[in-house]
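Input: a single structure, listed below in structure tokens.
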Amino acid sequence: MPARGRLCPWAKSHASLALFPYRLQTARGVNDVRMVWGLIPALLLAACVTRDPAVSISNTASSGNWKIERQIDRVTGAPFSSALLFTANASTSALTSTRTASVQLTCLEGQPLVRIAFDFKIGSDNNAILGYRFDDKPGRDNVASRILIGYQVIVIEDRAAVADFVNDMRGAGTLYLRIRSLNAGRTTAEFKLEGSEAAVQAGFAGCPLVQEPAKRKIS
């Protein structure tokens, strides 16, 4: 495979073709010269340059319904710690159809976090409350969390709140979560959790959980 960001040898040898004009037969039968100075080199480059695998989630292993990333961070040389779970069963009071959502278990700067993403706006950080429940276990409401800029992603990053989430998930088959927001109404999503044990181990491999007293969100 050619090196990323470099022109393929075959493309380099043929790039000079772009310097020559070619003729097109027009509707009137007159040969018009059309110069293609920029088009051919661009096409040759596009055919050779490959997308960096670090920004793709195509290289994954399955654990039940979870997708565990197998990419290597080219900066640190360590594997990315990440496990993803998707659902098509997300809803919002602002829309009439079901939508998609995802849960990601991962590390950032050595800290574990749970990232929950939607394809619609879920509210803003100062007026939204996250709650969730696994199976018939007691639910948790007003979970310490924050909504990121763009208003489609909410993260649980308090270490104790992440530990509570993971502990509640153990042995569970279904996650139901709900966000209440003053400016975006209610958002819900339901996830099927098959394969979560391996997902937890992979997602938090670079940032092991430590049990601490959980915080409640302060509005």
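With 0.36 nm allotted per residue and the present C-alpha distance subtracted, the Phe86-Ala61 stretch has 7.6 nm of extension available.
Using the beta-carbon distance between Asp136 and Gln111 and R0 = 30 Å, what value does 1/(1 + (r/R0)^6) give for FRET efficiency, to the nearest 0.05? Efficiency, rounded to the nearest 0.05: 0.45.
Along the Cα-to-C-beta direction of Asn183, a point sits 7 Å from the Cα; which residues of region 121-145 have their amide N less than 15 Å from that point? Residues 121-129 fall inside that zone.
Straight-distance candidates among the aspartates and glutamates for linking to Lys121, with alpha-carbon spacing under 18 Å and chain neighbours fewer than 8 residues away dropped: Glu190. The convex hull defined by the C-alpha atoms of region 118-219 has an orientation-averaged projected area of 6.7 nm². Across all Cα atoms of region 65-129, the radius of gyration (one decimal) and Dmax (whole number) stand at 14.9, 45 Å. Going from the fewest other Cβ atoms within 10 Å to the most, the residues Ile72, Ile122, Ile149 appear in the order Ile149, Ile72, Ile122.
Readers should treat all values here as calculations from the given coordinates under stated rules, not as data from a laboratory. Note that the structure is predicted; figures quoted are calculated from it, not measured. Neighbour counts run over all protein chains shown; Cβ positions are idealised from the backbone, glycine included.
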